[in-house]
1. Return a yes/no flag: does segment 23-42 have any residue that is polar (S, T, N, Q), part of a helix (DSSP H, G or I) and modelled with pLDDT under 90.
2. Pull up segment 70-84, narrow it to residues that are of a type in the set (Phe, Trp, Tyr) and surrounded by 16 or more Cβ atoms within 10 Å (Cβ to Cβ), then point me to the one that is nearest to residue 18 (Cα to Cα).
3. Would you pick out the residues in segment 1-12 that are exposed (fewer than 10 other Cβ atoms within 10 Å of the Cβ) and assigned to a helix (DSSP H, G or I)?
4. Can you pull out every residue in segment 13-29 that is touching a residue at least 24 places away in the same chain (Cβ under 8 Å) and not aliphatic (A, V, I, L, M)?
5. Go over the candidates 91, 45, 103, 87 one by one and state the one that is of a type in the set (Asp, Glu), over 15 Å from residue 33 (Cβ atoms), surrounded by 13 or more Cβ atoms within 10 Å (Cβ to Cβ) and in contact with a helix residue (DSSP H, G or I) (Cβ under 9 Å, 6 or more places away or on another chain).
6. Considering 39, 67, 19, which residue is of a type in the set (D, E, K, R) and surrounded by 12 or more Cβ atoms within 10 Å (Cβ to Cβ)?
7. Which numbered condition in (1) in contact (Cβ under 8 Å) with a residue 24 or more places away in the chain; (2) touching a Leu at 6+ places or on another chain (Cβ under 9 Å) is the only one that residue 41 fails?
Amino acid sequence: MNQEENLLHDLSAIAQRFKDIHNDAVIAYTPQVQELCAKKATENEVGWMLDWLLMYAGDERMLKLYKQVCRAYWEIYPETIAFYIMEYRKEYDRESLIGTEYEYLLHEDEIDEN
């Protein structure tokens, strides 16, 4: 194998590992989300779950779980859920903030650096 083929092989292995991690996360978090949504969880429990799910929310299956938690607790903890919806948008759907009153959030990192 030449260098290009080696690099392609290595990158392919890394990509497959990321897919495996996401698959494992979906398997691990699905029953946890179902359990959380079936009870009246505390605000801390909801926030903790959304913190973990947010790391994988770029995956459609994990986004579905994220939305499930948000919908289940929107009326109970609206400020917390609104915060996590905005965190999702900042991380994975930045274009949706352009032209809105929340566009300034796209520049938070720049403000923190100054």
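1. Initially, segment 23-42 is screened for residues polar (S, T, N, Q), giving 23, 30, 32, 34, 42.
This time we only want the ones that are part of a helix (DSSP H, G or I), so: 23, 30, 32, 34.
After this cut, where a residue has to be modelled with pLDDT under 90 as well, the list is 23.
Yes: one or more hits.
2. Initial filter on segment 70-84 (of a type in the set (Phe, Trp, Tyr)): 73-74, 77, 83-84.
If we keep only those that are surrounded by 16 or more Cβ atoms within 10 Å (Cβ to Cβ) as well, we get 73, 77, 84.
Details: 73: 30, 77: 32, 84: 24 Å.
The qualifying residue nearest to residue 18 (Cα to Cα) is 84.
3. Initial filter on segment 1-12 (exposed (fewer than 10 other Cβ atoms within 10 Å of the Cβ)): 1-5.
Of everything in segment 1-12, those that are exposed (fewer than 10 other Cβ atoms within 10 Å of the Cβ) and assigned to a helix (DSSP H, G or I) turn out to be 3, 4, 5.
4. Listed by number, the residues that qualify are 22, 29.
5. Details: 91 fails: surrounded by 13 or more Cβ atoms within 10 Å (Cβ to Cβ); 45 fails: over 15 Å from residue 33 (Cβ atoms); 103 fails: surrounded by 13 or more Cβ atoms within 10 Å (Cβ to Cβ).
When all the criteria are applied, what remains is 87.
6. Working: 39 fails: surrounded by 12 or more Cβ atoms within 10 Å (Cβ to Cβ); 19 fails: surrounded by 12 or more Cβ atoms within 10 Å (Cβ to Cβ).
Among 39, 67, 19, only 67 is of a type in the set (D, E, K, R) and surrounded by 12 or more Cβ atoms within 10 Å (Cβ to Cβ).
7. (2)
Conditions tested, residue by residue: (1) within 24 Å of residue 76 (Cβ to Cβ); (2) aliphatic (A, V, I, L, M).
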| residue | (1), (2) |
| --- | --- |
| 12 | no, no |
| 15 | no, yes |
| 23 | no, no |
| 32 | yes, no |
| 43 | yes, no |
| 49 | yes, yes |
| 56 | yes, no |
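The values are calculated or read from the model by the stated rules, or taken from the named source; none is laboratory data. Here the structure is a predicted model, which means the values were calculated and not measured. So basically every Cβ, Gly included, is an ideal-geometry build from the backbone, and we count neighbours across all protein chains shown.
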